[in-house]
Amino acid sequence: MESDPKNKRPYSPPVVSKLAPEQARNLVVVRKNCSEEEAAEFLKSFRRKGNQGEENKQSPNSAKDQKRKRSA
(Lines give C-alpha, C1' and ligand atoms only; values in the text may rest on other atoms or scores of the structure.)
Protein backbone atom coordinates (compact mmCIF):
# COMPACT_ATOMS: atom_id res chain seq x y z
CA MET A 1 0.00 0.00 0.00
CA GLU A 2 1.67 3.21 -1.18
CA SER A 3 0.97 6.64 0.23
CA ASP A 4 -0.23 9.48 -1.94
CA PRO A 5 2.72 11.81 -2.83
CA LYS A 6 0.46 14.85 -2.41
CA ASN A 7 0.06 14.10 1.29
CA LYS A 8 3.78 13.69 1.99
CA ARG A 9 5.47 16.44 3.91
CA PRO A 10 9.08 17.30 3.07
CA TYR A 11 11.70 16.03 5.47
CA SER A 12 13.04 18.54 7.95
CA PRO A 13 15.82 17.51 10.31
CA PRO A 14 15.18 17.80 14.05
CA VAL A 15 16.11 21.14 15.54
CA VAL A 16 17.06 21.96 19.10
CA SER A 17 15.67 25.35 19.92
CA LYS A 18 16.06 25.62 23.68
CA LEU A 19 17.81 23.54 26.29
CA ALA A 20 18.08 23.91 30.02
CA PRO A 21 21.54 25.18 31.03
CA GLU A 22 22.45 21.80 32.52
CA GLN A 23 21.38 19.98 29.37
CA ALA A 24 23.37 22.35 27.17
CA ARG A 25 26.47 21.97 29.34
CA ASN A 26 26.17 18.16 29.31
CA LEU A 27 25.73 18.16 25.53
CA VAL A 28 28.91 20.23 25.09
CA VAL A 29 30.82 17.98 27.51
CA VAL A 30 29.90 14.88 25.53
CA ARG A 31 30.38 16.37 22.05
CA LYS A 32 33.63 18.24 22.70
CA ASN A 33 35.00 15.73 25.22
CA CYS A 34 35.89 18.49 27.69
CA SER A 35 35.37 19.27 31.37
CA GLU A 36 32.22 20.89 32.76
CA GLU A 37 34.14 24.10 33.48
CA GLU A 38 35.33 24.31 29.86
CA ALA A 39 31.81 23.62 28.63
CA ALA A 40 30.40 26.38 30.85
CA GLU A 41 33.01 28.83 29.51
CA PHE A 42 32.21 27.77 25.94
CA LEU A 43 28.50 28.42 26.46
CA LYS A 44 29.22 31.79 28.11
CA SER A 45 31.09 32.86 24.97
CA PHE A 46 27.93 32.20 22.92
CA ARG A 47 25.83 34.32 25.26
CA ARG A 48 28.31 37.21 24.97
CA LYS A 49 28.28 37.03 21.17
CA GLY A 50 24.48 36.78 21.07
CA ASN A 51 24.03 39.86 23.24
CA GLN A 52 26.38 41.93 21.08
CA GLY A 53 24.50 40.98 17.90
CA GLU A 54 21.16 42.10 19.34
CA GLU A 55 22.49 45.54 20.22
CA ASN A 56 23.60 46.19 16.65
CA LYS A 57 20.35 45.09 15.02
CA GLN A 58 18.09 47.75 13.58
CA SER A 59 14.47 47.41 12.73
CA PRO A 60 13.76 47.35 8.98
CA ASN A 61 11.89 50.65 9.19
CA SER A 62 14.66 52.56 10.98
CA ALA A 63 16.85 52.66 7.83
CA LYS A 64 13.97 54.16 5.84
CA ASP A 65 13.35 56.71 8.58
CA GLN A 66 17.01 57.76 8.48
CA LYS A 67 16.87 58.22 4.70
CA ARG A 68 13.80 60.39 5.01
CA LYS A 69 15.43 62.55 7.66
CA ARG A 70 18.53 63.08 5.54
CA SER A 71 16.68 63.94 2.35
CA ALA A 72 14.27 66.38 3.98
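The values are calculated or read from the model by the stated rules, or taken from the named source; none is laboratory data. Predicted model only: the values in this text are computed from it and were never measured. FYI the Cβ positions are ideal-geometry reconstructions off the backbone, even for glycines, and counts take in every protein chain you see.
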Restricting the search to the stretch 1-43, which residues are charged (D, E, K, R) and either at pLDDT 90 or above or touching an Asp or Glu at 6+ places or on another chain (Cβ under 9 Å) (or both)? GLU22, ARG25, ARG31, LYS32, GLU36, GLU37, GLU38, GLU41
Looking only at the stretch 20-36, which residues are part of a helix (DSSP H, G or I) and either exposed (fewer than 12 other Cβ atoms within 10 Å of the Cβ) or not polar (S, T, N, Q) (or both)? PRO21, GLU22, GLN23, ALA24, ARG25, LEU27, VAL28, VAL29, VAL30, ARG31, LYS32, GLU36
